[in-house]
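Visitor: Sharing a structure, written as structure tokens. Questions coming.
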Amino acid sequence: MAKVAFIGLGVMGYPMAGHLVKQGHEVTVYNRTTSKATQWVEQFGGQLALTPKDAAKGQDFVFTCVGNDDDLRQVVLGEQGVAHGMHPSAVLVDHTTASADVAREIAAHLALRNIAFLDAPVSGGQAGAENGVLTVMMGGEQTHYDAVKPVIDAYSRCAELLGPVGAGQLTKMVNQICIAGVVQGLAEGLHFAKSAGLDGLKVIEVISKGAAQSWQMENRYQTMWQGKYDFGFAIDWMRKDLGIALDEARRNGSHLPVAALVDQFYSEVQAMKGNRWDTSSLLARLEKSRS
Ligand SMILES: NC(=O)c1ccc[n+]([C@@H]2O[C@H](COP(=O)([O-])OP(=O)(O)OC[C@H]3O[C@@H](n4cnc5c(N)ncnc54)[C@H](OP(=O)(O)O)[C@@H]3O)[C@@H](O)[C@H]2O)c1
């Protein structure tokens, strides 16, 4: 069993850290809003620290799951960041969806202290975190991956090393690029079904048995048909992720016309005050254009 710290008890981090306790690991948590950390300790029984640095002291592995690049820099490299608490030979595993650049930047800083780094963004959403069945896309060295994999198994059903530091974030970008087009296609299909006077639920029950099937279709068609979006993966997060992917694409020369267009569609949903709506709310934008 390992001694670990978990930094960031948000929608994702809270249940992920809980799974580590359930697997028998010794867990210390830090959360910027301390009340969430107190609640977590009451529920799971680990230790609470008041700074990331304190949480990281004496741990074999430190996990982070915060919002974006700047949040990550703050909890790792800031004055009270984990970098100042971790001992050499410890491993930092970052589950934030961030840029590949920040992953490389942090790895370089930590290497000066002999601390290892793996970027490890996740896919599977809140339900995946709660049920411990996330997909984890990792970048870093094989020996560090081998060491942490049995610990990460507590909340994942697939955790793979894709290449050197940054490769996990690049893989997550591919994931988000694929999702953007699929969700827009599904939204257009349901919009068309409504316009054609079809029973959308029946339509999806049939076509999901064929080539049109997707995770989004299986998991989102009912709520989309009902116009319910107040749950799930927030558009603000998706725009952050598509922004990261589009920046990277400009550098590596790839063309992402559909991802760029869907990003603009999401900005229109934000203007409808849908910032926290699920990404499937692309249908709400189409329905609005009907009225
Ligand atoms: N939600 C999903 O379905 C999902 C799925 C896959 C990947 N992700 C990614 O996973 C990451 C976390 O997502 P989430 O849904 O768990 O977000 P969230 O619920 O908003 O939680 C964010 C966490 O980060 C902490 N935090 C943010 N900025 C910080 C800072 N500057 N210093 C210290 N702590 C800070 C927050 O602390 P406070 O409690 O104090 O605000 C909170 O614990 C994001 O990168 C997201 O894109 C999310």
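Visitor: Would you grab the residues whose amide H sits under 5 Å from the one on Ser254? Only those 5+ places off in sequence or on another chain, please, with H modelled 1.01 Å from N.
Guide: Those qualifying (amide H under 5 Å, at least 5 residues apart or on another chain) number zero.
Visitor: Percent of accessible area on region 3-163 owned by carbon and sulfur, 1.4 Å probe?
Guide: Whole-percent figure for carbon plus sulfur exposure: 47.
Visitor: Here's a follow-up. Expressed as a rounded percentage, what relative contact order does the chain have, with Cα pairs under 8 Å and six or more residues apart?
Guide: That works out to 13 percent.
Visitor: While we're looking at this one, here's another question. Tell me the relative contact order for region 3-163 as a rounded percent, counting alpha carbon contacts under 8 Å between residues six or more apart.
Guide: On the way: 336 pairs, mean separation 31.9, N = 161.
Dividing the mean separation by the residue count of region 3-163 yields 20 percent.
Visitor: Next question, about the same structure. Translational diffusion coefficient of region 136-291 at 37 °C, 0.692 mPa s, Stokes-Einstein with Kirkwood Rh over Cα pairs, in µm²/s as a whole number.
Guide: After rounding, the answer is 191 µm²/s.
Visitor: Looking only at Ser254, Ser280, Ser214, which one moves most when the chain is put into a Gaussian network model with springs between Cα atoms under 10 Å?
Guide: Its mean-square fluctuation being the largest, the pick is Ser254.
Visitor: With springs only between Cα atoms under 10 Å, which of Ala120, Ala17, Ala90 fluctuates most in a Gaussian network model of the chain?
Guide: Highest fluctuation among the options: Ala90.
Visitor: Moving on. How high is the relative contact order of region 76-145, in percent, counting Cα pairs under 8 Å that sit 6 or more residues apart?
Guide: On the way: 85 pairs, mean separation 20.4, N = 70.
Dividing the mean separation by the residue count of region 76-145 yields 29 percent.
Visitor: I've got another one for you. So who's got an amide H within less than 5 Å of the one on Phe117, skipping anything under 5 residues away but keeping other chains? H placed 1.01 Å off N, in plane.
Guide: The answer is Leu92.
Visitor: Taking 35 Å as R0, compute the FRET efficiency from the Cβ-Cβ separation of Glu218 and Met272 and round it to 0.05. Can you show the working numbers first?
Guide: Values: r = 26 Å, r/R0 = 0.73.
The formula returns an efficiency of 0.85 here.
Visitor: Using each residue's phi in region 18-33, evaluate 6.51 cos²θ - 1.76 cosθ + 1.60 at θ = phi - 60° and report the 3J(HN,Hα) Karplus result to the nearest Hz, with x for Gly and Pro.
Guide: Taking θ as phi minus 60°, the curve returns x, 4, 5, 5, 4, 7, x, 6, 8, 10, 10, 10, 10, 9, 3, 8 Hz for region 18-33.
Visitor: How big, on average over all directions, is the shadow cast by the Cα convex hull of region 132-203, in nm²?
Guide: Mean shadow area of the hull around the Cα atoms is 6.1 nm².
Visitor: Roughly how many percent of the accessible protein surface of region 170-290 is carbon and sulfur, given a 1.4 Å probe and a whole-percent answer?
Guide: 58
Visitor: Rounded to two decimals, what ratio of Rg to Rh does the chain give with C-alpha atoms and a Kirkwood Rh?
Guide: 1.01
Visitor: Skipping prolines and chain starts, which residues have an amide H placed within reach, meaning under 5 Å, of the one on Phe6, given they are 5 or more residues away or on another chain?
Guide: Residues meeting the criterion, in which the H sits 1.01 Å from N, are Thr28, Val29, Tyr30, Phe63.
Visitor: Under the Kirkwood approximation applied to all pairs of distinct alpha-carbon atoms, what is the hydrodynamic radius of region 3-163 in Å?
Guide: The Cα-based Kirkwood calculation yields 15.1 Å.
Visitor: Can I ask one more? Tell me the label-point distance for the pair Arg251, Glu160, using the 7 Å Cα-to-Cβ offset, in nm and rounded to one decimal.
Guide: Modelled inter-label distance: 2.3 nm.
Visitor: Accessible surface of Ile115 in the full protein assembly, 1.4 angstrom probe, to the nearest 10 Å²?
Guide: Approximately 10 Å² for this residue.
The values are calculated or read from the model by the stated rules, or taken from the named source; none is laboratory data. Predicted, not measured: the structure shown is a model, and the values here were computed from it. All Cβ positions, glycine included, derive from the backbone under ideal geometry; neighbour counts span all protein chains shown. Note: areas computed on protein heavy atoms with side chains; ligands, DNA, RNA excluded. Shrake-Rupley method; radii C 1.70, N 1.55, O 1.52, S 1.80 Å.
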